[in-house]
Structures are given as structure tokens and as C-alpha cells.
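K.L.:
One structure, pasted below without further comment.
Values in this text are rule-based calculations from the coordinates and carry no lab data. In this text the structure is predicted, and so the values were computed from the model without any measurement. Note that we place each Cβ from the backbone using ideal geometry, even for glycine, and neighbour counts take in every protein chain shown.
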Amino acid sequence: MFFLSRGHGGHRQLHSQGLNMAATAAGKKVFEVFVSKVPWTVATKEVKEYFRQFGQVKKCLLPFDKETGFHRGFCWIGFTTEEGLQNALQKDPHIIEGARLQVQKNRKPFSGRKSNKEAEDN
Amino acid sequence: CRLNMAALLRSARLLKCSPAVLLQVFGNSRHVSAAGRLYSEAVGTTRAGLCVQTVPGRLNVNSCRQYGVVPEQSGLVKDEPSVAVRSKQAQQFDWALAKLDSSVRRTGRVTKTLLLRIFHDICRTGYPSGNQALLLLRSCGSLLPEVPLAERVELSQQIWDKLQELGTTYDVSHYNALLKTYLQNEFRFSPTDFLAKMESANVQPNRVTYQRLIAAYCEVGDIEGASTILGFMKSKDLPITEAVFNSLVTGHARAGDMDSAEGILSVMKSAGIEPGPDTYLSLLNVYAEKGDIAKIKQTLETVENADILLMDRDLMQVVFSLTKASHQQHVPEIVERMRHERGYVPDAMNLCLSLITHGHEETAFSVLKSFTGLLVESQTSDSPDLGNFFLRHCANMDKPVENIVGFCKDLKDSGLHSSPLQFTLQCALEAKKTGMAVELMRSMKEEGLPLRPHYFCPLFTHYQKDKNIPGTLQALRAMQELGVASDFDTFSIYILPSFPSVDSARTSLKEAGIDVDGNILIAAELRTEASRGNLAGLFSLMSSPALPNIDLSAFRASLISGFRGIFVVLVLQKLPLCIYMTINVFIESRKCQIGSSLLFAENVAYFLYNLIDSLNETEVHSKEEQIREYFGLLKNMNISISLNIFRGIRNILESYQVPELVKCSIHELSCGLEGKLSFLEKTLAELKAEGKPASSTLKKVITVLCSEERLERALELKTQYETDMTPAAYATLINLCCRHDNAEEALKLKMELARKDSEATLDAQKYVALVRVLSKHGKLEEAIDMLKEMKEKDVQLRESTIGLLTLTMNTAAMKGDANTIRRLQETIFTLGLAKPSSNLCSPLISCYLESENYAGAFDATVEVQKQYNQMPKIHDLICGLVENGDAELLQKVMEFLSQERGEMMMLYDLYFAFLQTGRYKEARKIIETPGLRARPTRVQWFAEKCIAAQQMEPLENMVDMTVKLFECDRDDMYHYLLRLCKETNDWQKAEATWMKMQEENLAPRERTLRLLADILKNNDKEVPFEVPEVKEPIQLSAMAERLCNHFASYRAATDLFLIYLDTGRTEEAKFLLQRCAAVNEQKDTMFTYMLRAAQQPGQAAKIKALSELIPDFTEKENIFSHLVKCYGLDKDFSSAKALYERMQVEGVKADELTLKRLAQLYKEAGATVPFEEPPESFRFYADKLNKQRSESMEPADN
């Protein structure tokens, strides 16, 4: 599959279709929220710690801009359960270190993405 | 007949637009761009380029304010080019200019970055207009409070010289603007030299020039010089205005003669000129320079008594003068008198910024504190952050950290800012000021604030860019000193890449006395080696007993992406040793549970395929042994290769004539399709014999048979094992019958299924396939029953299935069977299976057009419009009538159109028909109808149609004759032309287009230039201009979003999305989609993109990424056909095969051209084509498709 995308260094790896479907089917369901307005002073660790109060956090992806060295101010939090997701969505406001986070249900599924700086809890 | 046509034309030309339309057309005498309209409030009726001066005197702290007060009506540039020319020029900068303008309006200032960006944009096109030059020059003075004076002067000089070099012609307004910046920037120059410069450029100075020169003399107290100029003015009989006297007040005072300065006021009175606010302001400023607070107070009283109003911003100038002359102790007394008028806050902010720039941050802070009360109201967030602008500017200006920390403490203690130190740190980091950042962090630590490893990332990023090892070490040392533990991410991403090797990093760190956790270093090293693709290094690290127990999942991604690099290296070097290494690493990674085993097998399979593919025949022969050994190894590892990949490998090997290896590959890697079938059939028989349930095996066999298009065998099996037939098996079989155009059998199966299970439901695609085959074979009632059943069973139709319905009716149209179409249409719409659409209604019209029954077609058009409010195929109808010269019916159609859609739309319809049929003279008359204005969507429709059908002549004619069309976007027009040139790879035509653009004096948008360059380059022709680089989209992103969210204008966001996609920045694309969901719906743009992408090899990934990003793309056929085209170009059989299989699974119908392309790929790969290859040539199907496409495109109603 890597070779089919010869010459294309996109982040998303291209799968041959059948395998892709198989992989998707095999992937576990994640319950994700999309968080924006993350203050620059906190990083993955702090964000994850904050969201842990709502349920077990399966993953926390806070992309950093390699050009600037700052993160981009938004992240995805994946809970292991629907309950975690709901707890997080019901809470308002979300305040981390005095800053108000914007938390919303992730509109597009985010599984399968890889980033250079990722942190996943298994 | 000819006569009749002329009469029609006359009547069309006389069809006047309603007065309201005319009013709209002529009342708006300027070409206001789309962006301009968005900013209509700000832009008004004048152009953005002229707007800066409508903010008169906004804190021109270094000059007298009268210069800013230019009456609106005199604000127009003298040599204002014609409206048409102006619209062409600079159209592409409107956005940026509007931004500049809005910045001035909101904040009274411009940032240097913004100014430079616009300047560079303008320079890049090579056609800076006088207007733009003026705008830029005017922005180089006090509109830049954050920029030190010397730098501003340098900037204005740079802009002046550069634009002149680029051919901008300067007139007196430009010289005046330059003079103004000299004054605002306290630049000392020789007025006589300046005049000489103007003279040599043959530009006559005017009154404003002389006034400004007098001001310049007065600034330095040169009364003699000022008098000389005054003499000039008198000799030329120019009026001496208040402005001159105001300057003289300053002049005398600066010359140390306060008495004369004060005396000017009585001179003015005797000359019949009353001293105005500016006169008193001059006086106040000179007292301020002397620190004479008593006189200031006295003057302020006089002013008040004279009923003269001084504005807050006047007083701010006094504050500035006091401070500059080191009399800041009097500032509070002046600040107290401020009345906090509208616009006070931005003015006060600018005063603060200016003071900081001039080194008076303490005074600036006291000013800031005086108006924080006003800012509080604007705070909406939960945590206050007042004074950000102040702190940022202090950081940018390198103010001493202890001062900054003091300000921060004050802001925090007074509850104005919740995290001032963190914010300032952010600014220092952004500005890459390591020293300041470290000092700030030290203060933060003292305050008990947490310090985190990622605070150092911006610094490391900075150093990493130029591999600055000392800088990196310095930051690391600071980190250590501050007690911040560096983590794994920081090390592997930001630190190690600066060093040539991990070893040298280790040594340097040690020498620099920096302690690093050994495990972190090893883990980071692993990641670095993986992403560098250093297989040997990675392998030795991983097999070392010293490998600590580290969390491998943390760098799984880079390990996997690193493998990609390894593969490439391997494939390039073809080293048998590496094959072993790969396997070993795979085994290792498996042990570490890196990646699922599925992914693992898949990787190996593709690796193998690509390895084999990369070898030439000789190499395969010479490496036969190793390859065989590798196959054996894979088998021992229980790695199975999927069928399609296996076939690919087998085909390559077969073509190289290595029968032994082929045999070996079959033996080791796959059992083959036939084997699979016979195995399944055998299993089926066994199950039956044992009396066990066999339905799932039967379904499998039938599926395989169907995918191989073996209808007869499938039917045989069905008969043989009828009791084991499941609804799913029936569905597959019915679909196969439909594909084989076997209506009888399909219906029989469907009825059989209904008898067995009345609840059984087919999917929408299969139902519609049935409808199609039934109606095609005269079983209309049965077909209608199917539609009814769909409704009963609540089967939802997708766009693609609806398309299939259109096709079904089109089949009837070709046969002239209007009855069938009407019945189907009626049923579909009455049942609500689909909403009436242009496409769905078009077959009925086509049916009549096909037999050239225009009267029938017109009646049908009226019928469809009345019943379903759709007007399909109107273009074809009009074209037919024009060609036939049926003026009478044409007149009727025009009246109908005019009544239904308005005159303007009718005229466009007629225009396009004339263009299409080559009647250019008539077309020109229509488009020159007075009052007609450009309708971008209509024009685009016709252009796209021409491009799709590769019709150059009508398109070229349209572009030519719309030169004077009101509000016609010329760049768009030429872009269409070039797109078609690109399609046909016609570089001569492209070059001719370029000439025409120059004749028209058009400054093309960058995309147009790039397209042109692309065509020329593809044909090895020289590109006669500088090709604009792709703009950094991040500059753009925020604005695109704003346009999207606030103005429902999706073009910018969609373009940006496609740029991301095109440059492989899928994450950004995804993120953009998340924020601007409407981009999802810009299907036309996406299809255009795909169409273009599919022209070149190596683009499949982009299209695929697009389809994955927008999974609900309904027009699947379209995506798939583009993908097949790409695979064809890439000669990528296995992907094409996989795609074909997927199309089968999803029931997506391939058009003949796509099938043709697929067949070609199968044949090239030596595989059996699993479907009947369309018999005609590629060209034939391409033309057919083009024809269909242009037919299905109907005028958009706007």
C-alpha cells in the first residue's frame, strides 16, 4: 500500500480498498470530541489530565506546528466509552488554567490518522 | 427567414431592462470587486485604495493634523485610469487592499508585516498601478506606530524605488505623499533637492507640495528656508492657508523665538484668517516641548473660551511632545482632560505603541492604565487579558525584562490580565528571543508558575531550521537550569535533527554538561532512525540487549512511516541483504506489537510487488534464487498475499519469462481463482451431501461467479441449490441479470424472491437497474411496479441511483418513447422517490429534440416548467431553432423564457445559442445590449461546457466579445480559455491568449499565470514571466474561513482546501473541512479539480484523498472514473483492479470509457478482462461522454 502512493508523501496512507475496509471494520469505535481554543501553555499531558475526569481517555491528539513550535490550539480527545464523551459534552464551561475551551462532538471520524507527535493510550 | 431573425434581434436589443436594473448598473459607476462588496461598509463607493485618507489625522503624532484632512471629493487620484482599466488592474489585490483599509479603520494603524505582504504582492505581478503606489506610500508614516522612524523612512524609500523600477509613473500626488511620510517620520532632507528631483522628473509641484516643504523647514526651525518657499507661493499667486501659519508657529518656536511663534496668531488675524484648532495645537506642542505646563493650561483655557474644540487625539499629540522632550511628569494632567470620544481606545493604543517605540514604555504604561477601564467593557472572555498589545510590543522592541516583568505584575495585581507573563513569553517565543524567553521563564518560576518542556519547542524549531547546534545547546542548558525535564518528543522532533548523528548529539550534550535520560535518548534515536529510514541503525538498536523497556507505541507512527522510506531505499538499491533485514525488522516490530498483523502482511505484499516491479528482466533472472528464497521465507512466516497483488506479481514474472519462479510464486503465494472456485464448489457439494446448511457457501460461490460475469454457471447453481438461495444471493444474481440485459430472467428471479420472502428488499441501485432493464425491454408496468415497491419498502435513493433513473429515461428518449418517459417521470415524482430536477426532466425534452420535433420539445418544455418548475435542455432547444431558422417558434420560446426567468436570462440563453451555432455577429449584438451585465454563473456554465466539449471557437468568441461587458471578470475569462488550452495542450493558443491579456492591460491573477506557465513548460517553451509561487495558504486560511462563515462565500475556502489537498497537506484540509463544512458541498469545484488532476500521472493519491475526506460524495461514478484514468496513467493495475472490485461491491456503474481504460490495464497486466470490453475506440467513447456531459449540463438559474 505504501507503494501505490509513489511520490506522494501525504500523511494519510493509501490502502488498497479491500484492505482498507477490513482495517476500518477491525478498528475499535472511538468516541471523540474536538477541542479548540486550547491555550498555548498546556500540552498533551495537561489536556489529557483534564479530560480524564470525564472518562478514560483513549487518545489525545494535539497537533504541533513544526514551523513555529507551537501547537495549533485545537485537539482531538478520544474516550473509550460513549459515556465519557457524553460527560465531556455535558460539562460547560470547560476551563483549563483559566482559559475556556470549546468542546464539541467531532463531526468527522478521525481514526486512522497518524501524526508525528501523537500520544496514544492503549 | 434572415429578415425575421433580424427583427427578432432588434426586438431583443430593444427589450429594455427595468429602470431599477439600469439604476443599479449606472448608479454604481465603479467596478467594485466581490471583496470590495464584502467590505462595502468600509469601502463605500470609492476604491479601497483611496480609503486611508478618509481617516483624517488619526494620531499623526509628528505632524500637524491639517495634512490629514483632505476633503473626500479631492481624494481621487488625478490620473485616475479609466474604469475598465482600473477594474483589470489590481483586481487581484482588492482583497489585500481592503484588508489594509479595514486595518486602518479598525485600529488606525497598519502592521509592517501586512504592508510588506501587500507590497510584495504588488511587486510580484509587475504591474503596480499609480493607485497602489499611492496607497503603499501613504501607509509608511504614522500609520506604523510600531515601527521605529528610521525603519519607516527606509521602507518608504524602498517602496518608492522599487515601484519606480517596476515602471510606476509618479505624479505630484506621489511626491506629496512621500513628503508627508518624511514629515511624519521626522526625516531630515533638503527641500531644494526634493524640488530639483521633481523638476528632473518633470513633475510640477503644487500648493500642497509647497506647504509641506514649508513644514519641513519649520520642523528644523529654518524660518529663512520657509520664507523662500513662501516667496515662491506668492510669486505663483498660490493662497497662503492656515496650514502655512501653523507651520510657522512651530518654525519660530523651534528657532527659539517664542514671541514670534505666539505672534503668528495676531498675524493670522490681521490677514483675515482665524486661528483654528490646529493653530492652537501647534502652539500647545511647542509649549510641551518646553515643558511649560502653565502655558499649556492657559492655552487650553483660551481654546475653551474661544469655543474651539480640541479632540482627544490632539491632546495625545501634546502627551507625545511632552514625553519626547522628557517632561512626562505633566502627562497625567493632560490625560485627565481626555474626553474619551468615539475611537478613543484605538488612538490611545497607538499612542502607547508610539511611546514604546520611542523608548518611553513607562509613560506608555501610565497611559495604558488610564484607559483600561474602557477596555474592561470589551472583555468577553472569562479570563481578562488587557494590555496584550502593550506586552507584545514591549517584547518585540526588546524592552528590559525587569521592566516587562514589572508591567506584568502590575497588570496581574490589578486584575487586568490573568496571565501576563505567559502571554509575554509567548510573544518572546514567537519572536525567537531566547534570552528574553529564558528570563521570563525564570520570573515565572519564581512566581511559582509551571514551566513545561513544550515552552522550548519554538526555540528549538528556530535553531533546527539552520541546524544551529550552539543555539540548541544554549536552550537546552537553560532548560536544565530552569529544571525543566526534556521529554521524548522534544528530543526526537526538535533536538536530534539539528545534529548530524545521534552519536554526535550525545557527545555534544555531554560536553555541554547537559544530562539526558538515557532511555529518552535511545527512544528518540529509534524514532529518528526510523524516520530517516536507517534500517541498519534501527535494527542494531532494536536487537541490542541494552534496549530499555520503552513505550514503542509512542513512536509507532514514525516507525511505520520510516518503513516507507526503507522500502524506497530497498527498492532502489535492490539489496538482497536488505530483504532479510526487512523481515527481521518486521519480526521485531511484531514482537513489539507494532502495527496489526493485517497491516504487516499487507506491507509485505505490497513491498514484494513493488520490489518485483522495480526489477528489470535481467535482474529478475540473476536474482531468481534470492527471490525464490524470499518467497519461501514468506511462506514460512505464514504470510499470504491477497489475490490481486498476487496476480500482479505473477503477471510481472510471466512477462519476464521465468517459468520456474512463476511456478514457485503460485506454489508459495497463492492458490489462484480457479482453485478457489473449485474449492468452494466442492465444499458446497460436500455440505449438501452431509445435509449441512450451505447457504453461506452458495452465496460466496455466486458472488465469485458474478464478479467473473459467469451468469450461466451462476444460474445453474441457483437451480441446483434453490433451497439454499438467500435473498442476498438473489439480489446479486438479479443484478448480474440486469448487467447482462436479461430482463426476463431478472424479473423471474425477482418474483421468485418475492414468493420466498415478501419482505426481502433490494438496494436502491439494484431496484433501479431492474427498472432500467424492464423499461428497456417494454415491460413498463413491471418497471413501474418496481418503483412502487421501492416506495412501499422505503428504499432511499442516492444521487448516483437517481442518475441511473435519468439514464433509464434517456434510453427511452433515444427510442422516441415519450409515453414511457412521462409514466416513469410521473411515478417517480408522485411517489416522491426523487425531487424533480433538471436532469430527471431532461429526457422528455431530449425525446423530442432527438427527432427534431421542436414544437413538441417546446410544448414539453412548457409542460415540465409548469409541472415541475424545471427548464432542462433549453439551450439545445434554442440552438436547434436557431439552426433551423425557425424564427416564429424562437420568438415564442424567447417570450416564454422572458416571462419565466426574466429578460436578462433570456438574453443570455439566446446569446449562448448564437455562440454555440457559430452565429457570432448575432451573438455580439445580443451581448452589447445596453444595460446587460456580466452574470458570472451563466458565463461560467457556457465556458465549462465549451471546455468539457473542447470547443475553442465559441469560447474564444465569448471571451473576445465580453471585453466591454459590465462587471465581467476578465481574468476569469482568460482563465477559461487557458484551461481549454491546457486540455488540448495547445501552447500556441495559450501564447496568443497571453498576448491578448497584455493588449487588454490585464493584470492576471496568479493562478492564471501559473496555468499559462504550466502549458508552456509542458511544451518545452520558455515562460516569459516570473511564475508566481503558490501563496502560503496559512496566510489565507483565517480570511477564507471568515468569508465562508460570515459571508457564505465558499470559493476561497474551497480553493484553499484544494491547495492543501494538492500539496499533500491532508491534515490541514481535514481541519479546514471541520471548520467550514460547506466546503463539502462545493462539488463542482471538486469535480473540476479532479478532472484536471486526472490529466497527469501520479495524481491518484490526491483524488483518493479527496474521496476519503468527503466520504459522502454521492457522485461515485465520477470519482471512480477519474481514479481509473489516473491508474491508467500510472499503469497501476493492482489499484485499478481493486477499484473495479470495489465498484462491483458498491454497485457503481462504470461508463464505457472507464471500462475501456480498465480493460486496457487488465490486458497490459496480462490478466483476463472480467467484463466485456467496449468494442469501439477510446476516442469514440470519450466523444460520446463529452457529448453526454455537455447535454446534461443545463443553464444554471441564478
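K.L.:
As I understand it, the dipole of region B:781-935 uses +1 on the Cβ of Lys and Arg and -1 on the Cβ of Asp and Glu, about the Cα centre. Which of B:Leu787, B:Ile874, B:Tyr920 lies farthest toward its positive end?
P.N.:
B:Tyr920
K.L.:
What is the sum of charges, Lys and Arg at +1 and Asp and Glu at -1, for the other residues whose Cβ falls under 12 Å from the Cβ of B:His462?
P.N.:
With Lys, Arg at +1 and Asp, Glu at -1, the net is +2.
K.L.:
Can you list the lysines whose alpha carbon is less than 21 Å from that of B:Lys750, not counting same-chain residues fewer than 8 positions off?
P.N.:
Result set, ordered by chain and number: B:Lys699, B:Lys700, B:Lys718, B:Lys766, B:Lys776, B:Lys779, B:Lys788, B:Lys791, B:Lys793, B:Lys1149.
K.L.:
With θ set to phi - 60°, apply the Karplus curve 6.51 cos²θ - 1.76 cosθ + 1.60 along region B:737-753 and write out the HN-Hα couplings as whole Hz, x wherever there is a Gly or Pro.
P.N.:
4, 4, 4, 8, 6, 9, 5, 3, 5, 4, 5, 4, 4, 4, 5, 4, 4
K.L.:
Tabulate in residue order the Karplus-calculated ³J(HN,Hα) for region B:448-462, using 6.51 cos²θ - 1.76 cosθ + 1.60 with θ = phi - 60°, rounded to whole Hz; enter x for Gly and Pro.
P.N.:
Using θ = phi - 60°, the values come out as x, 7, x, 10, 10, x, 6, 5, 8, 4, x, 5, 4, 4, 4 Hz.
K.L.:
My understanding is that a pair violates if its Cα-Cα distance is over 28 Å; which of B:Lys756/B:Lys815; B:Lys197/B:Lys269; B:Lys873/B:Lys921; A:Lys45/B:Lys99; A:Lys45/B:Lys412 do that in this structure?
P.N.:
B:Lys756/B:Lys815; B:Lys197/B:Lys269; A:Lys45/B:Lys99
K.L.:
Summing Lys, Arg as +1 and Asp, Glu as -1, what charge do residues with Cβ under 14 Å from the Cβ of B:Asp413 carry, B:Asp413 excluded?
P.N.:
+1
K.L.:
Oh, and also: Skipping prolines and chain starts, which residues have an amide H placed within reach, meaning under 5 Å, of the one on A:Lys58, given they are 5 or more residues away or on another chain?
P.N.:
A:Gly78, A:Phe79, A:Thr80
K.L.:
Given a cut-off of under 8 Å on Cα pairs at least six residues apart, what relative contact order in percent is computed for region A:31-105?
P.N.:
Here the relative contact order equals 43 percent.
K.L.:
Could you state the number of Å between the C-alpha centres of region B:219-249 and region B:853-906?
P.N.:
74
K.L.:
From the C-alpha coordinates alone, can you work out the Kirkwood hydrodynamic radius of region B:1050-1125, in Å?
P.N.:
12.2
K.L.:
Per residue of region B:948-964, what does 6.51 cos²θ - 1.76 cosθ + 1.60 with θ = phi - 60° give for ³J(HN,Hα)? Whole Hz please, x for Gly and Pro, Karplus curve as stated.
P.N.:
These are the phi-based 3J(HN,Hα) values: 4, 8, 6, 9, 6, 4, x, 5, 4, 5, 4, 4, 4, 8, 9, 3, 9 Hz.
K.L.:
Can you figure out the FRET efficiency of B:Glu1176 with B:Gln1035, using R₀ = 45 Å and their beta-carbon distance, to the nearest 0.05?
P.N.:
0.35
K.L.:
OK, next. What FRET efficiency comes out for B:Glu826 versus A:Asn87 if R0 is 41 angstrom and r is the Cβ-Cβ distance? Round to the nearest 0.05.
P.N.:
0.20
K.L.:
Could you compute the net charge surrounding B:Cys946? Neighbours are other residues with a C-beta less than 11 Å from the C-beta of B:Cys946; K and R count +1, D and E count -1.
P.N.:
In short, -2.
K.L.:
Percent of alpha carbon pairs in region B:1084-1187 separated by more than 22 Å?
P.N.:
24
K.L.:
Which three lengths, in whole Å and largest first, does region A:31-105 cover when its Cα atoms are put on their principal axes?
P.N.:
37, 23, 18
K.L.:
Cut-off under 13 Å on the C-alpha distance; same-chain residues fewer than 8 positions from B:Lys399 excluded. Which aspartates and glutamates are left, in chain and number order?
P.N.:
Hits, sequence-local ones excluded: B:Glu361, B:Glu362, B:Glu439.
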